[in-house]
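Participant: Structure below; questions to follow.
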Amino acid sequence: MIGKVYGIPPQPPVEENTHWLEAGALTLGVEYRDVNPGNLTDTYAGTEYMDELLEKSPEGGFADEGVTIHVSETADKHEYLRFDCFDAEPHYHYIHKTPPGAEPVNNVIDFDVHAHGDMLPWAIRCLRERLPAMLTEAGGEHLVGKVDHAVLDPVIDKVAAMAEEAQNTFRGMRT
């Protein structure tokens, strides 16, 4: 596995801030996220993940903001991929589906803006060109043959427009 592997699931989407678009076997979500130590602590308080969150958090805790694109299976809602196009530390996730009771496997891969530029256009390119390989890496290979680009491509166009609009509207409005 590549990147940093966490035994803690990523913070769930805030439903009222997430716009979901169904594309056949996959559902894509666009969310503008403001991650801060307080909302992370609230998410994981009272769970078995709290100790790992505190152990792996940098001094002062995780704090960042930006557009997130979620890639989930439509049938069971499991999120396999997440692109966090954040301002300070952009990164993406391979979120493996594990059996009930098993420890989550959440691979987080840092994005190099110096080599690749802005992450949002890169993420959209990945959705268009690298989705089968990325789904397979996250354990979603059963979805690859179900992806219908005639259905998916127009949704990716909408995701790109919504993500750009969210970035332009909300960036820098952190309280």
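Participant: Can you tell me which residues in the range 62-82 are closer than 27 Å to N168 by Cβ, without any contact (Cβ under 8 Å) to a residue 60 or more places away in the chain and either out of contact with any His (no Cβ under 8 Å at 6 or more places or on another chain) or acidic (D, E) (or both)? Let's see the steps before the verdict.
Facilitator: So in the range 62-82, the residues closer than 27 Å to N168 by Cβ come out as 62-72, 79, 81-82.
Checking which are without any contact (Cβ under 8 Å) to a residue 60 or more places away in the chain leaves us with 62-64, 68, 70, 72, 81.
Once the filter is applied, which keeps residues that are closer than 27 Å to N168 by Cβ, without any contact (Cβ under 8 Å) to a residue 60 or more places away in the chain and either out of contact with any His (no Cβ under 8 Å at 6 or more places or on another chain) or acidic (D, E) (or both), the range 62-82 yields F62, A63, D64, T68, H70.
Participant: Hey, can you tell me all the residues within the range 73-91 that are of a type in the set (D, E, K, R) and outside any loop (DSSP other than H, G, I, E, B)? Break it down stepwise before answering.
Facilitator: Filtering the range 73-91 for residues of a type in the set (D, E, K, R) gives 73, 76-77, 79, 82, 84, 87, 89.
If the condition is that a residue be of a type in the set (D, E, K, R) and outside any loop (DSSP other than H, G, I, E, B), then E73, E79, R82, D84 are the ones that fit.
Participant: On to the next question. Considering only the range 44-56, I want to know if a residue exists there that is closer than 30 Å to D153 by Cβ, out of contact with any His (no Cβ under 8 Å at 6 or more places or on another chain) and at pLDDT 85 or above. Steps first, answer last, please.
Facilitator: Filtering the range 44-56 down to residues closer than 30 Å to D153 by Cβ leaves none.
Scanning the range 44-56 turns up no residue that is closer than 30 Å to D153 by Cβ, out of contact with any His (no Cβ under 8 Å at 6 or more places or on another chain) and at pLDDT 85 or above.
Participant: Then there's this: I'm checking my understanding of the structure. Among residues of the range 1-49 that are polar (S, T, N, Q) and over 17 Å from the mean Cα position of the chain (by Cα), which one is surrounded by the fewest Cβ atoms within 10 Å (Cβ to Cβ)? Give the steps one after another, and end with the answer.
Facilitator: Just the residues of the range 1-49 that are polar (S, T, N, Q), to begin with: 11, 17-18, 27, 36, 39, 41, 43, 47.
Right, trim to over 17 Å from the mean Cα position of the chain (by Cα) and you get 41, 47.
Details: T41: 14, T47: 12.
Per the criteria, the residue is T47.
Participant: Looking at M162, M134, which is the one that is hydrophobic (A, V, I, L, M, F, W, C), part of a helix (DSSP H, G or I) and either surrounded by fewer than 12 Cβ atoms within 10 Å (Cβ to Cβ) or in contact with a Cys (Cβ under 8 Å, 6 or more places away or on another chain) (or both)?
Facilitator: Going through M162, M134 in turn, the sole match is M134.
Participant: For E65, state whether it is in contact with a strand residue (DSSP E or B) (Cβ under 6 Å, 6 or more places away or on another chain), at pLDDT below 95 and farther than 18 Å from L28 by Cβ. Reasoning before the result, please.
Facilitator: Working: in contact with a strand residue (DSSP E or B) (Cβ under 6 Å, 6 or more places away or on another chain): yes; at pLDDT below 95: yes; farther than 18 Å from L28 by Cβ: yes.
Considered against the rule, which asks whether it is in contact with a strand residue (DSSP E or B) (Cβ under 6 Å, 6 or more places away or on another chain), at pLDDT below 95 and farther than 18 Å from L28 by Cβ, E65 comes out as yes.
The values are calculated or read from the model by the stated rules, or taken from the named source; none is laboratory data. From a predicted model like this one, the values you see are computed outputs, not experimental measurements. We place every Cβ from the backbone using ideal geometry, glycine too, and count neighbours over all the protein chains shown.
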